[in-house]
Amino acid sequence: MSLFCGVECFLVVGCVRWVWKRCTYTGSYDSGTWSNATVEEFEPIPRICRVILAVYRPDLNNPKDAPPGGFGLNPDWVIKRVTYEQTEGNAPPYIIYLDHDHGEIVLAIRGMNLVKESDYKLLLDNKLGMQKFDGGFVHHGLLKSAIWLLNQESETLRRVWEENGKSYKMIFAGHSLGSGVAALLTVLLVNHRDRLGGIPRSLVRCYSVAPARCLSLNLAVKYADVIYSVVLQDDFLPRTPTPLEDIFKSVLCLPCLLFLVCLRDTFISEGKKLRDPRRLYAPGRMYHIVERRFCRCGRYPPEVRTAIPVEGRFEHIVLSCNATSDHAIIWIVRESDKALERLKETETVTTAPKIPKIERLHTLEKEHKDALERAVSLNIPHAVSTAEEVESSGDKSVEPCQDVGDEGIGTLQARTDGDEDTGTSETRTKGNEDTGTSKTRTMTSDARTTWNELAKKLFEKDESGHLQLKRDAPL
């Protein structure tokens, strides 16, 4: 009898401890060790958020429910506006905006519309591990939407960029569902820059607001130099590892789903999560806007933290009454404005800034390299080292995909067979595929002879295709 009482007490104490830890966990804990963002790097985010919010409004000349300060754009500079009727369900509505004041060409994509069947089709067109891409996995439906969007607008974007002296930045931005489309569109573009007249990678940026989990961990870290994700406090979407299609199937009982996911993830180790190549994550560098603290009422002056995390990449569900409201674009606009003003106040000094702009740029580059090396050291599936990333991110033109249809890069058909690589995973030349000389650089910057290169020097294929030792091979 005493044994059963002891077991019962142990289980009760364990359950109470679990409930206490989960209910007291706040979103601010996710970024507790991150560094603070600077004004220079965070300044574009509130402005881009306003452009995204403008996509939700049908008439920009006479807007209704505009945020304080308006949308911050000139309606005469809107080059193109595409509605649901024009996309025919292939992508959410979007606008192309030419911002002469800041030297930017912005393609902004709206988020999920709960009354549109086409948006649900994009989300439901996916299964775990369904779509391989560039050595990792991506969301199949969002990839197809990004491909369609690139087909439709590549010529327009190229023409506008060339007409403005090839000096404007190319900005892709999206909210919620649109954030995943924008992120995958950016990944496609940086691997096929010839489609936009050879635009340098340094001029391409993506702002993924309230980001959807659309890239595997190795890709999320690899493209952190061009994709920036913005998360407001307790936002549920970047924290929910449940596939997007299951989240919006359960949208009427979202709190129940979050609780069950939280309970399930308690029994999954961190290492197992990291080693699953099919698990999707929020893309790129993270900017976390924190405005609430544990056991404190109300909203506090927001602060912005940034990092390129490998472990702890918003892996914990936050059981909060603000989990859904923090996902709304209108709240993100308001809090990002406040955060920027607070950053400006703290950095308004008469002396030189503590971190010069050039030094901060070098710091961002170093953080990206450190994240790549960290991913390799943790044996993240298909993670690339710094040397490989430097080669792939050079400003040289990248060969177009092998898997193209009648529309050139246009179709880039996303194959549903999980065993076949698609997209930029096929950008490697056929010569490299035949000789098997895929580059596996070591963690150091010096290029060393790989096993494949060594085998090529020592062995040769006979007529039957078998390997045999070369007689004149150097030993």
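A few comments on the model shown:
- In this structure, E359 does not satisfy being part of a helix (DSSP H, G or I), modelled with pLDDT under 85 and touching a Lys or Arg at 6+ places or on another chain (Cβ under 6 Å).
- Residues in the range 162-219 that are within 22 Å of P309 (Cα to Cα), surrounded by fewer than 24 Cβ atoms within 10 Å (Cβ to Cβ) and hydroxyl-bearing (S, T, Y): S202 alone.
- Of all residues in the range 60-70, none are at pLDDT 90 or above and more than 21 Å from the chain's Cα centre (by Cα).
- Hey, Y56 modelled with pLDDT of 95 or more, closer than 24 Å to W331 by Cα and not hydrophobic (A, V, I, L, M, F, W, C) or not: no
- Residue within the range 112-122 that is in contact with a His (Cβ under 9 Å, 6 or more places away or on another chain) and not in a helix (DSSP H, G or I) present: yes
- In this structure, G129 does satisfy being in contact with a Phe, Trp or Tyr (Cβ under 8 Å, 6 or more places away or on another chain), modelled with pLDDT under 95 and either part of a loop (DSSP other than H, G, I, E, B) or β-branched (V, I, T) (or both).
- Flag: L114 does not match the condition of being in contact with a helix residue (DSSP H, G or I) (Cβ under 9 Å, 6 or more places away or on another chain) and buried (at least 16 other Cβ atoms within 10 Å of the Cβ).
- Qualifying residue in the range 196-210 (condition: touching a residue at least 60 places away in the same chain (Cβ under 8 Å), hydrophobic (A, V, I, L, M, F, W, C) and part of a strand (DSSP E or B)): yes
- Of residues in the range 221-235 being outside any loop (DSSP other than H, G, I, E, B) and either modelled with pLDDT under 95 or out of contact with any Gly (no Cβ under 7 Å at 6 or more places or on another chain) (or both), the one nearest to P302 (Cα to Cα): L232
- Pairs where the first residue, in the range 152-166, is at negative phi and in a helix (DSSP H, G or I) and the second is of a type in the set (S, T, Y) and surrounded by 14 or more Cβ atoms within 10 Å (Cβ to Cβ), C-beta under 7 Å, 6+ apart: W161/Y168
The values are calculated or read from the model by the stated rules, or taken from the named source; none is laboratory data. Here the structure is a predicted model, which means the values were calculated and not measured. Neighbour counts are summed over all protein chains in view; Cβ atoms, including those assigned to glycine, are modelled from backbone coordinates with ideal geometry.
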